[in-house]
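Novice: Could you have a look at this structure, given as structure tokens, before my questions?
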Amino acid sequence: SQTIHQWPATLVQPVGSPLSLECTVEGTSNPNLYWYRQAAGRGLQLLFYSVGIGQISSEVPQNLSASRPQDRQFILSSKKLLLSDSGFYLCAWSHPRTGLREQYFGPGTRLTVT
Amino acid sequence: QKEVEQDPGPLSVPEGAIVSLNCTYSNSAFQYFMWYRQYSRKGPELLMYTYSSGNKEDGRFTAQVDKSSKYISLFIRDSQPSDSATYLCAMINTGNQFYFGTGTSLTVIP
């Protein structure tokens, strides 16, 4: 069966510090991978998605970037965090055949920028 | 106007009640409709998805889509305390754009 991991689970970082969140998927090959942010009282906002190694699409302009160095690894980064980057970050995967309609989410990382 | 509207609640019901959760949307180009359940401080979990109009049933859960009214519903029969969570609707349009509702918080009281 497939599993998705995210770490760390929680993170408190000062404004201006760098960020690296990691997501890995097990039990599947060539998954589509997604990064979302969920702010309190708001829906999930799609930040990035990837259909293959090195292929990253950005949905919204922001202070963040994403990379996919390996087939089942997806990394969310920032060089300098802003207060507005606080939120719950979720990684998700889907099979290329089913795409967006069957996404499976990881446990999330709660980021607080102070 | 938001693409997808969902009443945030909170909704509180007694155990065993039938729960109705709803979303409305504005764009008639939506064709896939999903429901996710999210427990506190966890990632969302896909419950089911439907394509176009009609009903889909999975155990105690029934998803219903009314494209003429641009309205979707999730019904939970015989609700249990373990159903207490936030329920998110989501939709995909013909351009493969994806939208989530903001979620409805549900509490089932034993």
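Novice: When region B:34-73 is examined, which residues are found to be farther than 19 Å from B:VAL4 by Cα and touching a Gly at 6+ places or on another chain (Cβ under 9 Å)?
Specialist: B:ARG41, B:LYS42, B:GLY43
Novice: Could you check B:PHE100 against (1) more than 20 Å from A:GLY106 (Cα to Cα); (2) at pLDDT below 95 and say which number it fails?
Specialist: (1)
Novice: Residues B:VAL65, B:VAL108: which one is surrounded by 14 or more Cβ atoms within 10 Å (Cβ to Cβ), over 13 Å from the mean Cα position of the chain (by Cα) and part of a strand (DSSP E or B)?
Specialist: Unique residue meeting the criteria: B:VAL108.
Novice: Being among the acidic types (Asp, Glu), part of a loop (DSSP other than H, G, I, E, B) and within 21 Å of B:SER82 (Cβ to Cβ) is the filter here; which residues of region B:1-57 pass it?
Specialist: B:GLU15
Novice: If I filter region A:25-32 for residues that are over 28 Å from B:PRO10 (Cβ atoms), free of Cβ contacts under 8 Å to residues at least 24 places away in the same chain, out of contact with any Gly (no Cβ under 9 Å at 6 or more places or on another chain) and not in a loop (DSSP other than H, G, I, E, B), do I get at least one hit?
Specialist: There is no residue in region A:25-32 that is over 28 Å from B:PRO10 (Cβ atoms), free of Cβ contacts under 8 Å to residues at least 24 places away in the same chain, out of contact with any Gly (no Cβ under 9 Å at 6 or more places or on another chain) and not in a loop (DSSP other than H, G, I, E, B).
Novice: Still on this structure, please answer the following. Name the residues in region B:1-60 that are free of Cβ contacts under 8 Å to residues at least 40 places away in the same chain and of a type in the set (D, E, K, R), would you?
Specialist: Residues satisfying the conditions are B:LYS2, B:ARG41, B:LYS42, B:GLU45, B:LYS56, B:GLU57, B:ASP58, B:ARG60.
Novice: Which one is nearest to the other protein chains (Cβ to nearest Cβ) among residues in region A:40-67 that are within 14 Å of the chain's Cα centre (by Cα) and assigned to a loop (DSSP other than H, G, I, E, B)?
Specialist: A:GLU59
Novice: Filter region A:68-103 down to residues that are in a strand (DSSP E or B) and in contact (Cβ under 8 Å) with a residue 60 or more places away in the chain, then give me how many there are.
Specialist: Adding up the residues that qualify gives 7.
Novice: Just give me the residues in region A:82-114 being hydroxyl-bearing (Ser, Thr, Tyr) and more than 12 Å from chain B (Cβ to nearest Cβ), in sequence order.
Specialist: Passing the criteria: A:SER84, A:SER86, A:THR112, A:THR114.
Novice: Moving on to the next point. When you go through B:THR94, B:THR86 one by one, which is the residue that is closer than 17 Å to B:THR107 by Cα and within 14 Å of chain A (Cβ to nearest Cβ)?
Specialist: Checking each option against the conditions leaves just B:THR86.
Novice: So A:PRO31 passes all but one of these: (1) within 10 Å of chain B (Cβ to nearest Cβ); (2) at pLDDT 95 or above. Which condition number does it fail?
Specialist: Here A:PRO31 meets the rest and fails (1).
Novice: Further question on the same structure: Can you name the residue in region A:37-54 that is under 20 Å from B:TRP35 (Cα atoms) and small (Gly, Ala, Ser) and, of all such residues, is modelled with the highest pLDDT?
Specialist: Step by step, filter region A:37-54, then rank; the result is A:ALA39.
The values are calculated or read from the model by the stated rules, or taken from the named source; none is laboratory data. As the structure is a prediction and not an experimental result, all values here were calculated from the model. All Cβ positions, even for glycine, are placed from backbone atoms using ideal geometry, and neighbour counts span all protein chains on display.
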